[in-house]
Amino acid sequence: MVIVGAGKAGARAVIGLREHGWQGAITLIGEETLPPYDRPPLSKASIAEEAEPTPVLLLDEETITSLGATWIGGAEAVAIDRASKQVRLADGRAIAYRKLLIATGAKPRPLSCVGAERAMLLRDFADTLSLRAAFLPGATVAIIGGGFIGLELAATATKRGANVTVIEALPRVLMRGVTEEIAAVVTARHTEAGVTILVDSKVAHISSDAVLLSDGRRIPADVVVAGIGAFPAHALAERAGLRIDNGIACDAMLRTSDPDIYASGDCCSFPHAVFGGKRMRLEAWRSAQDQAAVAAENMVGGNRAYEAVPWFWSDQY
């Protein structure tokens, strides 16, 4: 069994395969040199806490070994040879699989305006260290995007003593995530903490010391952060000829268009029976965990549909 992607879904799949009786080899492949670690703290405690942060490991190397698995870190999977059932790595290695799980997650969506290269992003532990160093007392921080990541970072930067402005293009924050009533409560809490929230505000370009809006307003910014969503990391699957539909298209059992390849987590979409078979893609810690457990069971011969009702949390202040 081979798992590409060493985040929450990948780590849970290793455990799930053993839980469901798989006694053969398991190989876990991750692009980062760190073993699997928890990502929710990256926008919160890893930046805000006074002590120097360390990754919150989901599986350390000793545990991976105790599970009889092989961990390949710092390795990029660049191709899947479906005919020979091998995953090819950037360094030339080929890893054979009987069943393959793709759990490559999602990547932050970059800005496309002039000066976009100045905007910091948050995806991994290295990014959180950069943000921690930038969120200094008295710094002016402009966060572009009023979704969950943007608002969590706004709360964290405020706790660090920075002066924060959130810039949202839509009429209110959390437009896609919650009702207007909940968004109003969240907005009030940020306002109480001193955060300036600008809605219906579109970015024209980013200069060396400010964010310029399309209506001419200039928002001073020592630090600019983009939090405008994420896109599924499905390039590996697409190159392999797997069906893509808002991520790697899976059936209810999380099988891809190749019956020997499964997917789970932020990178895949699937029909959800609880919602009348509507195809959806979920970007949440709990969903990644639950999907990986179902995929692992099915990889060893199960036939269970993923039917968990999605839920999530957001820590702000």
task = Name the single residue, out of those in the stretch 55-77 being of a type in the set (A, V, I, L, M, F, W, C) and part of a loop (DSSP other than H, G, I, E, B), that is surrounded by the fewest Cβ atoms within 10 Å (Cβ to Cβ).
result = VAL56
request  = Starting from the stretch 176-204, keep only residues that are among the basic types (Lys, Arg), then list their pairs with residues that are open to solvent by less than 90 Å² (accessible area, probe 1.4 Å) and in a strand (DSSP E or B) whose Cβ atoms are within a distance under 8 Å, requiring at least 6 positions of separation or different chains.
outcome  = LYS202/LEU213
query = Restricting attention to the stretch 265-289, which residues are in contact (Cβ under 8 Å) with a residue 60 or more places away in the chain, part of a loop (DSSP other than H, G, I, E, B) and either of a type in the set (Asp, Glu) or surrounded by fewer than 22 Cβ atoms within 10 Å (Cβ to Cβ) (or both)?
reply = ASP266, GLU283
ask   = Within the stretch 140-161, which residues are open to solvent by less than 10 Å² (accessible area, probe 1.4 Å) and in a loop (DSSP other than H, G, I, E, B)?
value = GLY145, GLY146
task = Can you confirm whether the stretch 86-104 contains a residue that is in contact with a Cys (Cβ under 6 Å, 6 or more places away or on another chain) and at pLDDT 95 or above?
result = yes
inquiry  = With the structure loaded, tell me whether VAL185 is of a type in the set (A, V, I, L, M, F, W, C), under 25 Å from PHE312 (Cβ atoms) and assigned to a loop (DSSP other than H, G, I, E, B) or whether it fails that test.
reply    = no
message = Just to verify a result, which residue in the stretch 98-109, among those that are assigned to a loop (DSSP other than H, G, I, E, B) and closer than 12 Å to VAL2 by Cβ, is most open to solvent (accessible area, probe 1.4 Å)?
response = ARG98
ask   = Restricting attention to the stretch 166-174, does a residue exist that is open to solvent by 50 Å² or more (accessible area, probe 1.4 Å) and in contact with a Lys or Arg (Cβ under 8 Å, 6 or more places away or on another chain)?
value = no
key: Looking only at the stretch 78-97, and only at residues there that are closer than 18 Å to SER257 by Cβ and touching a helix residue (DSSP H, G or I) at 6+ places or on another chain (Cβ under 9 Å), the one that is surrounded by the fewest Cβ atoms within 10 Å (Cβ to Cβ)   = ALA79
note = Subset of the stretch 290-306, residues open to solvent by 30 Å² or more (accessible area, probe 1.4 Å) and either over 23 Å from LEU242 (Cα atoms) or under 21 Å from the mean Cα position of the chain (by Cα) (or both), comes to ASP290
Residues that are touching a Gly at 6+ places or on another chain (Cβ under 7 Å) and of a type in the set (Lys, Arg), drawn from the stretch 106-147 = ARG109
request  = Those residues that are polar (S, T, N, Q) and more than 26 Å from GLN291 (Cβ to Cβ), I need them from the stretch 94-127; list them, please.
outcome  = SER112
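The values are calculated or read from the model by the stated rules, or taken from the named source; none is laboratory data. Please read all numbers here as calculations on a predicted model, not as lab measurements. All Cβ positions, even for glycine, are placed from backbone atoms using ideal geometry, and neighbour counts span all protein chains on display. Side chains included, ligands, DNA and RNA excluded: accessible areas come from the protein's heavy atoms. Shrake-Rupley method; radii C 1.70, N 1.55, O 1.52, S 1.80 Å.
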